[in-house]
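Below: one structure, written as structure tokens.
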Amino acid sequence: MSDQPTRVAAASRRRSSGRVEDFDCRRLAVARRLACMSRAELARHIEVTPAAVTQYEHGLTRPTTTALARISFALGMPREFFCRGLNIPEVRSSTAHFRSLRTTPANRRAQALAFGELALAVLDLIERYVDLPPVRLPTLDLSAQPSQAEIGDAAGRARKALGVDSGPVPHVVRLLEAHGVLVVRLPADGFDPRVDAFSSSETASGRPLVLMSPLKDDKARSRFDASHELGHLLMHTGVEAGSRIVESQAMSFAAEFLMPRAEIEDNLPTRVDWETFHALKRHWGVSLRALVYRAHKLGRLSDPSYGRANRQLKQWGYPEPGPLGPPEQPSVLGAAAELVELRGAGLSTLAEAARIPLGTLHAVVAAGRSDRPRLTIGV
Amino acid sequence: MSEWDVTALAALHDCKQELEDREVVRWLRDTTRAMWRPNAERYQPSHLFDTPRGVAGLAWENLRERMLAEYRAAYHPWRTRGVRLTVPHGSLLIHAGDLAVHVIKAPGVRLREPEWNRFIWDTSAARHTAAIRNAGMDALPLPEIEGQLAFDFEIPWSGVCPTWRELFFVWVGDATGLTAGWLGLPGLGRPRWLAVTSLWRDEAAGVDDGARDVPRIPSGPPFSERDAPEVTVSLKRQPGEAAR
């Protein structure tokens, strides 16, 4: 009986001898969610229990070399990815404001969120070489349940604090980037098209994140989406995400941010006048749908007119008439990566150092790259 | 404004007063406004090739159905006020006491007063009959006057005020949703109207309010011509660069 502890320790040593030493549990969680796989599914693939996968992801235990090889194969990531390297900051799903919370499966949302985490990590990596715009978002003091008037007022203060003059906002995505927000557009391939734009101001890296939908191939909608997410970033830190109230508040914020009541009210027609709505669309850079909604909300359009306008809009569908061009594109991540390459540190070197597959790194950078960047680059 | 027969006008004012007492004027005014506003909003001659005649037909039916719906409501007050609504041959007819009020939409989509002498009754049996009744021709035959042809004279003055109980409610509406209404006594011969009096005329509350309905053209450059914010991204200084 006296040698019992010794035998247990030996058995433990035998079990642990095959376990990998260099293992980053966060990276397993990121890779699994990127592959859109549940813990149970992964467990089946690698022939362990779901509890074991949970333990791997929580850092309670490490996989064996055999299990890691199977993980690597199942998730389509090289083994090196799971080694400790670049820290991938976490964005808790409870802090991410998804517009499509009820229509998108949880695993698809988790997949998009993992991509956002990866983008934050890549930005962290690039920031070692490049000075990026610091986070300079204003603080809006709002009550727990702000009224429409308070939200309108907050949007006005936000415009002022972000340096927006009266009139239309020139470029919403660029405005966010200029104030330190990481904006990326989800890749169209491999992601659920139902995942709409989402954002989080509570990232582990401290940099707010906005992910835009790849499917809304329309400038007006992308501008409204970005403004909606800005509303979340400024108003909903620490607020439980996903409720209709919170989404509605962000909607009201975006409407006032892009179309301040005091400035647009007299522009709006009192009847369904599409010619005027089209002119306003071109001026303010918002969709016909947003203008019609605004006109009704501000009492310019009567209920019957609003109903009739919406029936017409529904009949037109998407894209609505009078497109304003391609969506606003983010550019900071791409431009920063270009600078790094100019410096001579190629992306492949960065990928190797960060232990991120080069293809994945390219995908992330592409998600934050404008086709035609318009940046001031100081070397 | 036309010069109306003083006696007919006095009788018309009595009729108007009776309709006001029974709240029929208010009912007509409120229903006309409520009916016309959405019709004016959906009236788009330039885009949908709507015509005044087309919108008039729709408005005519809308007004009838609105009034009927209210009249048929469970707790409507009209019966206690002695008001009855019927639709002979599909036309709205309001009975208030012994008055009969027919509804007419004046031509056009403007708020101006109709050209009263352009109304004719020949196209509608109901209107023609109403005019005949006001002329008293359906009561007693005209007295024969020696040496005169039957149609060679206007309605002869009998010394007794005729019983003018047939009234026409005429309304107009403009493209901004404003309305106006008149009450008239139709007659035979010329002029077609014995007398007409105004019931209401919507006015924009003031010049400012009037202008408020006309969208103001946005000023300044559109969003696409404004300067986008600049985003500065620069390489970090490497150790030793500052010294150089």
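Quick notes on this one:
- In the range B:191-243, of all residues being among the hydroxyl-bearing types (Ser, Thr, Tyr) and modelled with pLDDT under 90, the one that is farthest from B:Trp27 (Cα to Cα) corresponds to B:Ser234.
- In the range B:26-74, the residues that are closer than 17 Å to B:Thr86 by Cα and touching a strand residue (DSSP E or B) at 6+ places or on another chain (Cβ under 7 Å): B:Leu28, B:Trp60, B:Leu63, B:Met67, B:Leu68, B:Tyr71
- Among (1) without any contact (Cβ under 8 Å) to a residue 12 or more places away in the chain; (2) within 14 Å of chain B (Cβ to nearest Cβ) - the single one A:Ser166 does not satisfy: (1)
- Among (1) in a loop (DSSP other than H, G, I, E, B); (2) of a type outside the set (Gly, Ala, Ser); (3) within 13 Å of chain B (Cβ to nearest Cβ) - the single one A:Glu320 does not satisfy: (3)
- Filter pass, A:Ser200 being buried (at least 23 other Cβ atoms within 10 Å of the Cβ), away from chain B (no Cβ under 14 Å) and not charged (D, E, K, R): yes
- Subset of the range A:263-286 [touching a residue at least 40 places away in the same chain (Cβ under 8 Å) and either among the charged types (D, E, K, R) or assigned by TED's automatic domain parsing to the domain that holds A:Val173 (or both)]: A:Glu263, A:Lys281, A:Arg282
- Search result, residues across the range B:34-69 that are within 14 Å of another protein chain (Cβ to nearest Cβ), farther than 16 Å from A:Thr270 by Cα and not hydrophobic (A, V, I, L, M, F, W, C): B:Pro45, B:Ser46, B:His47, B:Asp50, B:Asn62, B:Arg66
- Residue, farthest from the other protein chains (Cβ to nearest Cβ), within the range B:1-33, restricted to residues that are in a helix (DSSP H, G or I) and basic (Lys, Arg): B:Lys16
- Criterion (under 25 Å from A:Ser205 (Cβ atoms) and either without any contact (Cβ under 8 Å) to a residue 12 or more places away in the chain or not β-branched (Val, Ile, Thr) (or both)) met by exactly one of A:Arg159, A:Arg99, A:Arg194: A:Arg99
- Of all the criteria given as (1) buried (at least 19 other Cβ atoms within 10 Å of the Cβ); (2) more than 13 Å from chain B (Cβ to nearest Cβ), the one not satisfied by A:Leu280 is (2).
- On the stretch given as the range A:355-379, residues that are surrounded by fewer than 21 Cβ atoms within 10 Å (Cβ to Cβ), away from chain B (no Cβ under 14 Å) and modelled with pLDDT of 60 or more total 8.
- Condition broken by A:Tyr306, with the remaining ones in (1) in a helix (DSSP H, G or I); (2) away from every other protein chain (no Cβ under 12 Å); (3) surrounded by 14 or more Cβ atoms within 10 Å (Cβ to Cβ); (4) not hydrophobic (A, V, I, L, M, F, W, C) satisfied: (2)
- Test: residue in the range B:106-120 that is among the basic types (Lys, Arg), within 25 Å of B:Glu3 (Cβ to Cβ) and not in a helix (DSSP H, G or I): yes
- Enumeration of residues in the range A:21-69 that are in a helix (DSSP H, G or I), under 26 Å from the mean Cα position of the chain (by Cα) and among the polar types (S, T, N, Q): A:Thr54
- At least 3 residues being under 22 Å from B:Asp227 (Cβ atoms) is the threshold, and among the helices (runs of 4 or more DSSP H) wholly inside the range A:238-303 those reaching it are A:244-258, A:274-284.
- Yes/no for A:Val286 being of a type in the set (Val, Ile, Thr) and within 16 Å of A:Asp218 (Cα to Cα): yes
- Selection within the range A:227-265 - acidic (Asp, Glu) and at pLDDT below 90: A:Glu240, A:Glu247
- Residues (part of a helix (DSSP H, G or I) and surrounded by fewer than 17 Cβ atoms within 10 Å (Cβ to Cβ)) located in the range A:336-354: A:Glu341, A:Leu342, A:Arg343, A:Ser348, A:Thr349, A:Glu352, A:Ala353
- Checklist (1) more than 10 Å from every other protein chain (Cβ to nearest Cβ); (2) within 22 Å of A:Leu175 (Cα to Cα); (3) outside any helix (DSSP H, G or I) applied to A:Gly325, failing item: (1)
- Residues that are free of Cβ contacts under 8 Å to residues at least 60 places away in the same chain and in contact with a helix residue (DSSP H, G or I) (Cβ under 9 Å, 6 or more places away or on another chain) were ranked within the range A:339-348; the one that is farthest from the other protein chains (Cβ to nearest Cβ) is A:Ser348.
The values are calculated or read from the model by the stated rules, or taken from the named source; none is laboratory data. These numbers were taken from a predicted model, which means no experiment stands behind them. Neighbour counts are summed over all protein chains in view; Cβ atoms, including those assigned to glycine, are modelled from backbone coordinates with ideal geometry.
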